[in-house]
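The block underneath contains the structure these notes are about, expressed in structure tokens.
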Amino acid sequence: MKVRYFAWMKRTVGVAEEQLSPPADIATVGDLVKWLRTRSPGHAEALAEGAAFGAAVDQRTATFDVKLAGAREVAFFPPFTGG
Amino acid sequence: MAVRVQEADFDVGAELDRLTAGNRKIGGLAVFVGLVREMHVREGYHKDRVDALTLEHYPGMTEKALEDIEAEANKRWPLEATLIVHRYGRMEPGERIVLVAVGSPHREAAFEACEFLVDWLKTKAPFWKLEDTPAGEKWVGATTGDDTAAARWDKKKA
């Protein structure tokens, strides 16, 4: 799946997007977050416990309990500040 | 119903003319235009006046989110026309950043739905503001005021 990062998270992680194949036991958005934290210090910092960020699965806002089965694109981003 | 995300500026008069053309059921048109304001003018240490801001967004998701918000407004109020135009990219103070226009037979629905759309798009559409200040670039944090404004529409109907 493609994992994307936006705004300051992109800079902290160090890449805007990456193509990843998480292990089979990564079932939810929350599982993915925990797994991503182990990839690099940048990932760990951007996706730290208690950091304010949201997620989307296939371009729809998703909570951490949302299942990843069949997902093509998962995104992580800080709270929105448009308008 | 229409949603547009674009880098270019928009002409408010032309947009409103197009929106209402040929629809004689519209009795009231409520319009919100958001501008980039000169923010964070502080004395002393940083004097981090904002020279410009760059709006990043999530192409694909942004359009879906705005369409969802627009559909929700049309579910809640009897509307004849809705338009959201949101810009991205670099903008300087004074520039237009967003246009929300709502046409309805009566003004109450137009006013309410317009306010609803602005409140919701601020908290539910994937845009991020990066400020360009003399002290460097700074990501804008979300405000609890915006969350509170968006949440009052949850209580009303949901």
| Under a 5 Å amide H to amide H cut-off, with H placed in plane at 1.01 Å, what residues pair with residue A:82 once short-range neighbours are removed? | B:127
| message | At 222 nm, what value in deg cm²/dmol follows for the protein assembly as shown if DSSP H runs of at least 4 each add -39500 (n - 2.57) and the sum is divided by all its residues, to the nearest 500? | response | -9500 deg cm²/dmol
| Any idea what the dipole of the protein assembly as shown comes to, in debye rounded to 20, about its Cα centre with Lys/Arg Cβ at +1 and Asp/Glu Cβ at -1? | 400
| note | Percent relative contact order for chain B, counting Cα pairs under 8 Å at least six residues apart, stands at 32
| Across peptide A:70-82, what mean number of C-beta atoms from other chains lies inside 10 Å of a residue's C-beta? | 6
| So, in chain B, how many Lys pairs have Cα atoms under 23 Å apart, if the pair is 8 or more places apart or on different chains? | 22
| note | Yeah, the range A:1-51 with a ≥ b ≥ c from its alpha-carbon gyration tensor (a/c under 1.5 is rounded, else prolate when a/b outruns b/c, oblate otherwise) is oblate
| field | Principal-axis tilt of helix B:61-76 within chain B, Cα atoms, nearest 10 degrees | value | 40
| said: Which one, B:54, A:69, A:55, projects farthest toward the positive side of the charge dipole computed for the protein assembly as shown from Cβ point charges (K/R +1, D/E -1)? | reply: A:69
| request: For peptide B:60-71, compute the average count of partner chain beta-carbon atoms within 10 Å of each residue's beta-carbon. | output: 3
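Counting DSSP beta bridges with both partners in chain A, what percentage is antiparallel, nearest 5? Please list the in-between numbers first.
Values: 11 of 15 bridges.
Of those bridges, close to 75 percent are antiparallel.
Any read-out appearing in this document is the output of simple, stated calculations on the displayed coordinates, not a laboratory observation. Everything numeric here is computed off the predicted structure, so don't read it as measured data. Counting neighbours? That spans all protein chains shown, and the Cβs are built from the backbone with ideal geometry, glycine included.
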